[in-house]
């Protein structure tokens with residue numbers, strides 16, 4: 001099964017507003033992947049809508065968020081249900097600056113329904129880090145039954161390597177993610193024995209499932225992925241030569 005574990009919707013301030021739930025799911029189906037995970041910055045408020053669109057289209061879907069931790073490291077918290085992801089969101093929100101978003105500076109942050117109607121505009125600045133550390137975020141994610149991944153570890157900003165110089169010790173991550181352009185020969189040895197994924201980190205429709213991870217999964221669930229990660233049984237799509 002092919003899957004893309006890092007997709008943003010229009011809720012993410014840096015994502016294109018065309019990234020509606022129905023369009024994301026349509027692009028994923030057209031790309032031939034069997035499952036996706038929605039991972040907006042600091043929030044899972046669009047996961048119910050994407051999960052419903054995926055259900056109607058027969059696409060498997062995980063609900064999550066991309067947490068920017070106190071270290072300014074991007075990490076992925078993935079869950080089976082929107083309810084779990086939304087509980088994680090509340091925990092992240094409690095540790096975020098209480099500043100109102102300026103759309104002109106940071107971008108719009110619409111919360112939408114499965115049929116793409118805008119419910120409200122998220123008022124918090126989702127582009128900012130929260131006060132939760134990697135260790136704290138890992139613990140909370142796992143308490144809620146999720147998987148915790150280090151995002152795009154090869155990036156020159158907002159990655160464990162750019163911010164910390166490497167993957168922290170302590171069994172904090174279930175897997176690591178490579179970006180769409182990462183050279184496996186260079187970065188697989190830097191995974192420190194963890195399972196490796198490759199995801200699109202799509203912020204516009206053309207990038208949804210442009211790269212992917214593949215594995216023989218018992219199910220596209222947290223448990224199924226955890227089993228594949230434990231056996232290092234993931235296979236990566238070819239990298240792209242340009243971003």
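The values are calculated or read from the model by the stated rules, or taken from the named source; none is laboratory data. Values in this document were obtained by computation on a predicted structure and should not be read as measured data. FYI the Cβ positions are ideal-geometry reconstructions off the backbone, even for glycines, and counts take in every protein chain you see.
Given the conditions (1) out of contact with any strand residue (DSSP E or B) (no Cβ under 6 Å at 6 or more places or on another chain); (2) over 30 Å from residue 162 (Cα atoms), and given that residue 72 satisfies all but one, which numbered condition is not satisfied? Going through the list (1) out of contact with any strand residue (DSSP E or B) (no Cβ under 6 Å at 6 or more places or on another chain); (2) over 30 Å from residue 162 (Cα atoms), residue 72 breaks only (2). Would you say residue 143 is at pLDDT 95 or above and out of contact with any helix residue (DSSP H, G or I) (no Cβ under 6 Å at 6 or more places or on another chain)? It is true that residue 143 is at pLDDT 95 or above and out of contact with any helix residue (DSSP H, G or I) (no Cβ under 6 Å at 6 or more places or on another chain). Looking across 116, 154, one residue alone is at pLDDT below 95 and surrounded by 14 or more Cβ atoms within 10 Å (Cβ to Cβ). It is 116. When each of 171, 216 is tested for being surrounded by fewer than 19 Cβ atoms within 10 Å (Cβ to Cβ) and in contact with a helix residue (DSSP H, G or I) (Cβ under 8 Å, 6 or more places away or on another chain), the lone residue that passes is 216.
Collect the residues in the range 119-128 that are more than 20 Å from residue 70 (Cα to Cα) and either surrounded by 16 or more Cβ atoms within 10 Å (Cβ to Cβ) or out of contact with any strand residue (DSSP E or B) (no Cβ under 9 Å at 6 or more places or on another chain) (or both), keeping them in residue-number order. Scanning the range 119-128 gives a single hit, 122. Looking at residue 222, is it touching a helix residue (DSSP H, G or I) at 6+ places or on another chain (Cβ under 6 Å) and modelled with pLDDT of 95 or more? No; evaluated as a whole, the condition is false for this residue.
Counting only strands (runs of 3 or more DSSP E) that fall entirely inside the range 103-216 and contain at least 3 residues that are within 16 Å of the chain's Cα centre (by Cα), the qualifying elements are 147-150, 175-178, 195-198.
Can you pull out the residues in the range 174-189 that are closer than 18 Å to residue 208 by Cβ and buried (at least 18 other Cβ atoms within 10 Å of the Cβ)?
Matches in the range 174-189: 177, 178, 179, 180.
Taking the conditions exactly as written (buried (at least 17 other Cβ atoms within 10 Å of the Cβ), touching a helix residue (DSSP H, G or I) at 6+ places or on another chain (Cβ under 6 Å) and closer than 27 Å to residue 2 by Cα), does residue 51 satisfy them or not? In short, yes.
Among the residues in the range 59-69, are any on the phi < 0 side of the Ramachandran plot, over 16 Å from the mean Cα position of the chain (by Cα) and surrounded by fewer than 24 Cβ atoms within 10 Å (Cβ to Cβ)? Checked against the condition, which is being on the phi < 0 side of the Ramachandran plot, over 16 Å from the mean Cα position of the chain (by Cα) and surrounded by fewer than 24 Cβ atoms within 10 Å (Cβ to Cβ), the range 59-69 yields at least one hit.
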